[in-house]
1. Can you give me the three principal axis dimensions of the range 123-227 from its C-alpha atoms, in Å, biggest first?
2. What pairs from Lys130/Lys152; Lys130/Lys162; Lys100/Lys146; Lys115/Lys166; Lys115/Lys198 go past 24 Å between their alpha carbons?
3. Given a Förster distance of 22 Å, report the FRET efficiency between Asp204 and Lys152 from their Cβ-Cβ distance, rounded to the nearest 0.05.
Amino acid sequence: MADNRNRRPRIAGQRRPKASIQDVAEGDLKITESSDETPVEDVTPATPEPAKPSKPKPEAPVVTQRERRQSDVLLAGLGLVVVVTLVVAAVLGVKAWHGKQAEDARDQAAAAGRKAAETALSYDYRDLDKSFAAARGTMTPDFAQKFDQTAKVAGELATKTKATVKADVREVGVRDGDADRVTLIIFVNQTTTSTITKGSPRVDLNRTRFTMVRNGDRWLVQEIAGL
């Protein structure tokens with residue numbers, strides 16, 4: 001049975017009041033708002049996403065005047081280093097070349113000094129002119145004139161004593177020298193036979209200093225001195 005407790009009693013002949021336009025409108029509005037079947041369309045305009053800022057293109061580096069000066073100084077310094085390196089290399093090369101020349105000169109002077117000592121310190125009373133001429137051939141012109149004075153005295157004594165002297169070089173040492181002048185220390189044995197030795201050879205161990213100088217492609221004796 002329907003529940004009629006909440007209904008108002010209807011009087012006979014009483015008309016139901018007509019719903020007002022306002023009531024109808026409110027009712028419709030309530031229905032529209034409460035209806036779940038028809039979704040309300042969201043007409044809110046979409047918020048545009050902010051545009052990503054574009055990366056600025058890298059600008060070309062600006063060379064300042066100070067940096068340019070520093071660069072010029074650096075290039076000048078490198079150039080100076082290169083020049084100094086080349087100069088040092090050239091100097092070392094020249095020194096090495098002179099060193100090789102001096103070494104070759106000492107070897108040549110030592111060989112020439114050995115032969116000169118054996119010739120200049122030997123003589124035979126039976127042929128003094130030949131002996132002394134051979135000795136002068138190993139000497140410079142200036143020293144040859146000085147030698148002639150000594151040879152004259154030695155020749156007179158050799159003739160009286162019938163002396164023969166033979167020099168035998170035992171060792172040659174280089175004391176100092178360069179490409180044009182070399183000083184030698186020569187150890188020589190002189191074997192002398194004469195009337196003074198009564199036919200028995202006498203051996204003298206001598207040490208002499210020979211100064212050799214370059215003359216063209218030859219090495220000549222400039223000085224002989226006893227030690």
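What follows is calculated from the coordinates using simple rules that are stated; it is not laboratory data. Since the structure is predicted, the reported quantities are computational estimates derived from the model, not experimental observations. Reconstructed Cβ throughout: ideal geometry from the backbone, glycine too, with neighbour counts over all protein chains shown.
1. Largest to smallest, the principal-axis extents are 46, 25, 20 Å.
2. Lys100/Lys146; Lys115/Lys198
3. Working from the Cβ atoms, E equals 0.55.
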